[in-house]
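No value in this document is a laboratory result; all are computed from the given coordinates. For clarity, every value in this text was computed on a predicted model and none was experimentally measured. Using ideal geometry, Cβ is built from the backbone for each residue, glycine included, and neighbour counts are taken over all protein chains shown.
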Amino acid sequence: MVARDVVQDVIQGVPHGLFLMTAAHDDARSGILTTRVQVCSATPFLAVVSIPRGTSIEPLIRDSRSFGLCRIDQHDRLMMRRFDPTPRRGDDPFVAIPTSTAVTGAPIVHRSLFYMDCELVGHIAPEADCRLYLGQVRATSMLENEPEILPVHEIEIAAGDELDLISRA
C-alpha cells in the first residue's frame, strides 16, 4: 500500500495550472476552478477536465453540450473570491467581470491567460469523487491585458481531420 503523502507528492509533480471551467445555458452561467485539465489529442484537438461530482455547473454542461476552459493566474484574488468556494446554483459569479463568448456560448473570461472553447463529446463518471468531461476544442486564443474584444481562433475540422485555424476578432 502506497502512503497518501507519497501519492500527494506524485500528483503535485504532474505539470498543471489553474483553470476556470465555465458553462452557460439559457440565462444561467456558472464556473468552477480546477487544476485537472489535460490536452489528450491534437487531431482532433481534445481536452479532458476533471471536476468534483454534484457541482452547479454540471447541469449547464449537460444541457448546453459545451464548456469553456480559461487558464487563470493562481494569484488572481478576484477569481479566487468569485469561484472558491464553488458558486451555488442560481448565482451568477460573472457579474461585473468582462466576459464574451467564442463559438459554443460558454463564458470566456477576458482576464484569463488563454482559453479553449469546447464542444462536449463525452463524459465519464468513474467510481470516484469526480466526473471527467471530454471536449473538442472549437476555438482558442492567447489573451493579453484583458482585451476589450475577445480574439477568436476558430478551429474547423476539415474532411481529413486536418486542423485549420480561422481568426476573427
Cut-off 15 Å (backbone N to label point 7 Å along Cα→Cβ of E154), residues of the stretch 133-147
137-141
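Counting Lys and Arg as +1 and Asp and Glu as -1, what is the net charge of the other residues whose Cβ lies under 13 Å from the Cβ of V48? Working shown, then result.
Values: positive: R36, R131; negative: none.
Surrounding charge for V48 is +2.
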Of the options T35, V152, A106, report the single residue whose Cα projects farthest towards the positive end of the charge dipole of the chain (beta-carbon charges: Lys, Arg +1; Asp, Glu -1).
T35
Taking the alpha-carbon centroid of each part, what is the distance from the stretch 82-132 to the stretch 42-72 in angstrom?
7
Could you list R81, R62 so that the one with the fewest beta carbons within 10 Å of its beta carbon is first and the one with the most is last?
R81, R62
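Once you charge only the Cβ atoms, +1 for Lys and Arg and -1 for Asp and Glu, what is the size of the charge dipole of the chain about its Cα centre, to the nearest 20 debye?
On the way: 16 positive and 23 negative charges, 101 e Å.
Dipole magnitude for the chain comes out near 480 debye.
With 10 angstrom as the radius, rank M80, M21 by how many other C-beta atoms surround their C-beta, starting from the fewest. List each step's numbers first, then the result.
On the way: M80 14, M21 26.
With the fewest neighbours first, M80, M21 line up as M80, M21.
What fraction, in whole percent, of alpha-carbon pairs in the stretch 1-147 exceed 18 Å separation? Could you put the intermediate results ahead of the total?
On the way: 5931 of 10731 pairs.
That fraction is 55 percent.
Please arrange D129, D92 by how many other C-beta atoms lie within 10 Å of their C-beta, fewest to most.
So the ranking, lowest neighbour count to highest, is D129, D92.
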